[in-house]
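Any read-out appearing in this document is the output of simple, stated calculations on the displayed coordinates, not a laboratory observation. Keep in mind it's a predicted model, so treat the numbers as computed, not measured. Reconstructed Cβ throughout: ideal geometry from the backbone, glycine too, with neighbour counts over all protein chains shown.
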2 protein chains.
Amino acid sequence: MKAINKDIETTAGYIFPFEGGKHAATIISLPYRADTWQDAGSVALLTFKEIIFNIIKYERVVLIIDPKISYDIVKQFTHPQITILREYYNDSWARDNTPIFLKNDSEVIGVDFGFNAWGGEYNGLYQDYSDDNALSKNILLDLRIPRFAKKDFILEGGSIHTDGEGTLITTSECLLSKGRNPHLNQSEIEEILKKTLNVQKIIFLPYGIYDDETSGHVDNIACFLKPGVIAVATCENKDDPQYERSKRDLEVLQHETDAKGRKFQIVEMPLPEVQYMSEQESAALKPNDKAIARIPNRRLAASYINFYMSEKFILLPAFNDKNDKINKQILDDFYHGEKEIIQIPSRSILLAGGNIHCITKQIPFSDEIEIEPKEIK
Amino acid sequence: MKAINKDIETTAGYIFPFEGGKHAATIISLPYRADTWQDAGSVALLTFKEIIFNIIKYERVVLIIDPKISYDIVKQFTHPQITILREYYNDSWARDNTPIFLKNDSEVIGVDFGFNAWGGEYNGLYQDYSDDNALSKNILLDLRIPRFAKKDFILEGGSIHTDGEGTLITTSECLLSKGRNPHLNQSEIEEILKKTLNVQKIIFLPYGIYDDETSGHVDNIACFLKPGVIAVATCENKDDPQYERSKRDLEVLQHETDAKGRKFQIVEMPLPEVQYMSEQESAALKPNDKAIARIPNRRLAASYINFYMSEKFILLPAFNDKNDKINKQILDDFYHGEKEIIQIPSRSILLAGGNIHCITKQIPFSDEIEIEPKEIK
């Protein structure tokens with residue numbers, strides 16, 4: 001009988017690793033909400049499939065499937081590189097509603113923060129998020145990964161990025177929002193993040209992407225390409241409200257240093273033209289009073305920064321925009337073949353409010369982690 | 001790949017079977033709450049173990065173990081007749097916080113009602129019952145049993161008993177309590193029970209046992225010995241408030257008929273002497289502000305009716321009381337060896353507020369149900 005999962009009392013001694021290192025697996029959950037995903041997820045399913053089958057060329061995928069999703073869909077994912085877990089969840093943003101994984105030399109643990117659908121009663125995107133809020137604990141149970149519970153602090157994975165060397169970047173717009181932990185001030189929030197995630201320095205960028213329904217998650221505006229190097233989404237149109245936002249964030253980073261005292265090298269990744277939801281796309285949704293309305297001409301928070309990276313690959317969004325190629329080239333030039341840059345048209349995910357980074361979550365590699373192919377449970 | 005669990009839209013065509021028929025398994029979860037169970041469950045663990053190892057002589061046990069329980073305890077239950085599932089729960093009353101199972105000729109399904117710790121904000125026994133409320137869905141997922149969700153109706157398994165032939169008994173004291181579904185009147189409650197559980201007749205006994213913290217669950221005052229025959233807890237002391245309660249319930253039953261039009265045969269099962277919590281027993285608890293206080297001299301709701309039955313056995317509480325033997329004899333006389341009557345001293349469970357029936361839940365047998373021995377998940 002294998003070591004069993006358990007609740008642990010402290011995260012001391014575990015680090016929060018850089019996303020671009022070696023992974024044990026990537027977690028993805030399939031979409032089904034008819035008020036959020038066109039045709040109850042069937043349009044985006046093709047994009048999810050493209051993403052999943054690209055990832056399994058490199059690493060295992062832990063695919064979370066809600067029992068509301070039909071078996072016809074489930075069986076499309078039978079593959080020795082895919083571990084399927086049946087779990088309940090309210091929506092399929094693995095970045096935000098699955099554990100944040102830490103590791104030491106041999107072991108991986110999962111931190112289970114509170115989840116309130118990006119704002120709870122203040123400005124949450126849907127009302128019942130109880131399945132989302134219980135998802136991390138259920139995943140950790142099923143994967144037999146020890147859990148550290150920090151449910152009294154609301155935090156989504158997409159609102160933080162780390163270099164794995166003690167630096168964390170986030171946005172004030174999100175972390176200081178009334179929809180997160182309004183009873184705490186910035187220094188209290190910093191203390192909790194430092195203590196729970198074992199980081200030494202936290203940089204608060206003022207803004208995320210304009211009109212981003214996540215209250216401005218950092219993972220749409222800036223990320224580490226490697227320790228010491230940060231990519232930032234920049235705006236070419238001075239008349240766009242995003243222009244000032246990106247400029248202010250850049251200014252902060254230009255004057256900051258990381259946990260090790262290094263100045264940052266900054267790589268600018270130009271945003272695509274502003275994108276809007278069409279009449280037809282909105283008509284493919286079934287709105288109801290339990291989730292925010294996704295109406296025609298709604299501005300979408302499109303950004304190339306919302307890519308997913310692992311040790312050997314990057315999955316980069318494409319928007320059918322002139323900057324698609326430019327951004328791919330930027331990453332190719334930076335990595336020189338160290339990572340394969342795979343570009344995937346991801347408008348079907350953008351329409352639901354996120355992108356490739358939002359639907360993925362890395363489980364870092366460790367010597368003792370073992371995620372076996374499983375029969376569907 | 002085996003058929004997968006799913007959420008189903010209706011319970012039509014499924015019956016709610018009598019507890020005393022053939023089971024696929026018995027569900028039990030282990031205790032750990034230090035505010036409810038002496039020495040955080042270690043006293044009651046011996047009683048649970050006695051119960052579990054008696055049951056597995058006859059049928060499989062699905063043993064639910066919270067990750068807060070140590071591996072030293074878990075490994076005591078390694079046995080081919082025990083399927084261990086790791087799940088989170090707030091307390092270990094499988095009768096009340098696990099699914100209510102229905103069946104048709106071949107298949108078993110689970111109904112997942114709302115759970116609010118026996119009264120929610122009105123008179124619930126502890127405040128955070130979110131893990132309990134999510135437990136049924138997680139069990140059904142893991143056992144691959146289809147789930148019918150009825151979360152907008154609060155119901156515990158211990159508040160109803162059925163003859164499996166269309167009759168349901170319950171108590172007004174519990175089902176009409178402000179702590180359950182106060183927005184519904186009696187006839188609306190009847191309609192929901194009839195439609196969800198496919199029963200035709202519901203008998204509301206006025207009372208449960210005096211000062212029972214479940215708001216008077218029927219499973220402490222009356223149960224079916226078989227279709228047409230009901231056992232009732234009776235009180236020998238006219239000065240005890242229980243005397244009138246049992247008398248009134250008996251009167252109702254004497255004038256009632258079941259779903260098939262039969263008058264009831266009634267078997268009286270005399271209660272033990274009134275039992276109280278001792279100073280020492282109370283001192284073995286760690287009270288806190290998240291659960292009701294269990295103070296010395298608290299009256300305990302001891303009743304022989306809270307036994308668990310299957311096709312071939314009954315697990316009957318013993319209280320170190322002169323009526324222990326009498327009640328065993330009553331059941332032996334009734335069943336003539338058809339069921340083995342196994343009597344188990346159960347004060348350690350009584351002290352936490354329930355008894356053997358409260359910690360057990362039957363999964364009825366069907367041709368297609370398959371509960372395999374599992375590695376610990």
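With N as its number of residues, chain A has a Cα radius of gyration that, divided by 2.2 N^0.38 Å, comes to 0.91. Which whole-angstrom value gives the distance between the alpha carbon centres of segment B:57-75 and segment A:31-95? What the calculation gives is 32 Å, centre to centre.
Length gained on full extension, A:Glu273 to A:Gln186, computed as 0.36 nm times the residue gap minus the Cα-Cα distance: 28.0 nm. Label-to-label distances for B:Glu372 across copies, nearest first, come out at 1.1 nm, using points 7 Å from Cα in the beta-carbon direction. Please list the helices of chain A that count as membrane-span-like by this rule: a mean Kyte-Doolittle hydropathy of at least 1.6 together with Cα atoms stretching 30 Å or more along the helix axis, each helix being a complete DSSP H run. Length and hydropathy pass: none found. Ascending distances from the B:Pro296 label point to its copies in the other chains, with the point 7 Å along the Cα-to-beta-carbon line: 7.6 nm. The distance between label points at A:Lys238 and B:Glu107 comes to 6.7 nm (points 7 Å beyond Cα on the Cα→Cβ vector).
Kindly provide the helix-only [θ] at 222 nm of chain B, computed as the sum of -39,500 (n - 2.57) over DSSP H runs of four or more divided by all residues, to the nearest 500 deg cm²/dmol? Numbers along the way, then the final one.
Details: 11 runs with 92 residues, N = 377.
One gets -6500 deg cm²/dmol as the mean residue ellipticity at 222 nm.
Of the candidates A:Phe48, A:Phe224, A:Phe77, which one comes out as most mobile in a Gaussian network treatment of chain A with C-alpha springs shorter than 10 Å? Result: A:Phe77 has the largest fluctuation of those listed. Semi-axes of the equivalent ellipsoid of the protein assembly as shown are 54, 26, 23 Å, computed as sqrt(5λ) over the eigenvalues of the C-alpha gyration tensor in descending order. Label-point spacing at A:Pro345 relative to the other copies reads 7.5 nm, in ascending order, each point sitting 7 Å out from Cα along Cα→Cβ.
For B:Lys238, the aspartates and glutamates whose Cα falls under 13 Å of its own Cα, not counting residues fewer than eight places away in the same chain, are B:Glu273. Inter-chain neighbour count for A:138-147: the average number of beta-carbon atoms from partner chains within 10 Å of each residue's beta-carbon is 3.
Just the number, please: percent antiparallel of the DSSP beta bridges in the protein assembly as shown, rounded to the nearest 5. Intermediate results must be reported in sequence, preceding the final value.
Values: 42 of 108 bridges.
Close to 40 percent.
For chain B, DSSP calls about 40 percent of its internal beta bridges antiparallel. Report note on the peptides A:63-72, B:254-263, A:318-327: ranked by the mean count of other C-beta atoms within 10 Å, highest first, their order is A:63-72, A:318-327, B:254-263. Whole Å is fine, so just give me how far the alpha carbon centre of segment B:123-157 lies from that of segment A:213-265. That distance is 45 Å. What sits nearest the axis between copies A and B, counting only chain A Cβ atoms, is the residue and whole-Å distance A:Ala134, 3. Cβ-to-Cβ counts within 10 Å put B:His183, B:His79, B:His357 in ascending order as B:His183, B:His79, B:His357, the fewest first. Dipole orientation for chain B: of the candidates B:Gln362, B:Gln81, B:Thr11, B:Gln81 has the Cα lying most toward the positive pole (charges on Cβ; Lys, Arg +1; Asp, Glu -1).
Please report the spacing between the Cα centers of segment B:293-316 and segment A:169-186 in Å, no decimals. Computed from Cα coordinates, the inter-centre distance equals 50 Å. When the Cα positions of B:Leu271, B:Leu315, B:Thr196 are compared along the charge dipole of the protein assembly as shown, B:Leu315 comes out farthest toward the positive end, with charges on each C-beta of Lys, Arg, Asp and Glu. A Cβ-based charge dipole, computed about the Cα centre of the protein assembly as shown with Lys and Arg at +1 and Asp and Glu at -1, lands at about 780 debye. With the simple spin-label model, which puts each label point 7 Å out from Cα in the Cβ direction, the B:Val229 to A:Ile266 separation comes to 8.5 nm.
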